[in-house]
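Here is the structure we will look at.
Only the coordinates and a few stated rules stand behind these numbers; no lab work does. Keep in mind the model is a prediction, meaning the values are calculated, not measured. Here the Cβ positions follow ideal geometry from the backbone for every residue, glycine too, while neighbour counts run over all protein chains shown.
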Amino acid sequence: MKYPARNNLICNYDFVPLLNKDIQKFNDDTFAYEGKFELELIAEAPVYVGSGKETVVGGRLCRALIRNANGVPVIPGSSLKGVVRTIAQAVSNSGGCAEAPYIRKEEIKYPSNRNCKCLVCTMLGSLSAKSRVTFSDFTASDSDTPNLSDASNTPNKYDTSDTLVLNALKPYSHDVLDVKTKYFINNRPKGIKFYSQGDANKIQGEVPTECVAAGTGFVGEIIFQGLTETHLELLCFALGLDDSFPLRVGGNKPGFFGVVRPKIISFACYLSGTYRNLKLELPQSRQIIDMDPVNLAKAYVNKNPQIKSNIDKLRQILNRKV
Ligand SMILES: [Zn+2]
């Protein structure tokens with residue numbers, strides 16, 4: 001199936017080019033840190049992260065949101081981790097480990113390495129290395145929607161009456177020729193694809209889709225262990241903590257769903273030995289490190305001209321309103 005013509009006309013996505021892979025060499029005495037972010041992701045557009053199931057809302061069969069055991073909609077940690085990884089790959093020298101399905105489908109011989117030691121794989125893990133960052137599920141919270149607060153004592157604060165149903169665009173399958181013209185130039189991938197913003201109510205498709213309304217916050221935490229300062233800078237940047245771009249989560253991105261902006265609830269950071277020799281201290285003997293996540297994110301930006309140029313491109317796509 002071809003893209004619907006309206007997508008081509010609006011051109012609601014663009015690419016950030018892949019940068020050549022660069023192996024990170026950390027000295028044995030490079031300090032490492034552990035700690036925790038508590039964040040709230042505030043939806044600026046409807047959010048749909050699908051469960052793969054269907055549900056009936058107001059007599060209509062629609063694609064259902066993924067919810068936790070209490071029935072509250074969540075953005076799964078794995079989903080957010082994917083968002084962070086994609087941005088981190090777009091703004092670092094991680095070249096071929098940024099594999100997208102459409103690249104594999106084309107069977108382009110683009111180097112991939114299961115033992116990759118790039119900045120992203122040493123932080124978020126690879127086939128041969130454990131991730132040093134753990135993402136919890138982010139749970140919809142009703143603190144900013146007073147009309148729901150009456151129900152705050154019940155575990156099922158959210159049910160289908162708290163969500164809305166919009167008609168999302170039909171997910172398309174790529175045919176190879178289509179992929180070739182859209183995603184490749186001179187037999188090389190154009191880069192990593194990101195979507196711009198727009199009015200979710202203006203682009204409506206045919207697929208009834210349950211979603212969480214704009215204005216809802218999702219609360220969760222991210223725990224890290226054994227990250228160097230450079231890793232932390234990249235992590236804070238990729239989480240959008242300098243507020244220079246919103247994140248995009250979940251499905252129907254071509255229909256402008258899933259714009260979320262992070263708010264820092266708390267941040268704690270402790271010294272945990274060195275990159276190669278992690279030392280986990282007991283809570284009472286931990287050495288608190290005074291670092292500010294917003295400044296860490298800002299510090300990442302001026303690494304080198306190539307990275308700066310990719311960051312400019314990323315910000316331009318994610319902030320653009322079409
Ligand atoms: Zn890598």
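Looking at segment 203-261, which GluC sites (Glu not before Pro) are in a loop (DSSP not H, G, I, E or B) and have at most 11 other Cβ atoms within 10 Å?
Within segment 203-261, the qualifying GluC sites (Glu not before Pro) (loop, at most 11 other Cβ atoms within 10 Å) are GLU206.
So, counting K/R as plus one and D/E as minus one, what does the shell of residues with Cβ under 13 Å around SER309 add up to?
For residues surrounding SER309, the net value is +3.
How much net charge surrounds LEU271 when only the other residues with a Cβ under 12 Å from the Cβ of LEU271 are counted, with Lys and Arg +1 and Asp and Glu -1?
-2
Enter the mean projected area of the convex hull around the alpha-carbon atoms of segment 226-322, in nm², rounded to one decimal.
The directionally averaged projection comes out at 8.1 nm².
Taking Cα pairs under 8 Å and at least six residues apart, what relative contact order does segment 164-240 come out at, in percent?
It comes to 47 percent, rounded to a whole number.
Which of the peptides 180-190, 243-253 is most tightly packed, and how do the rest follow, going by the mean number of other Cβ atoms within 10 Å of each residue?
Going by the mean number of other Cβ atoms within 10 Å, highest first, we get 243-253, 180-190.
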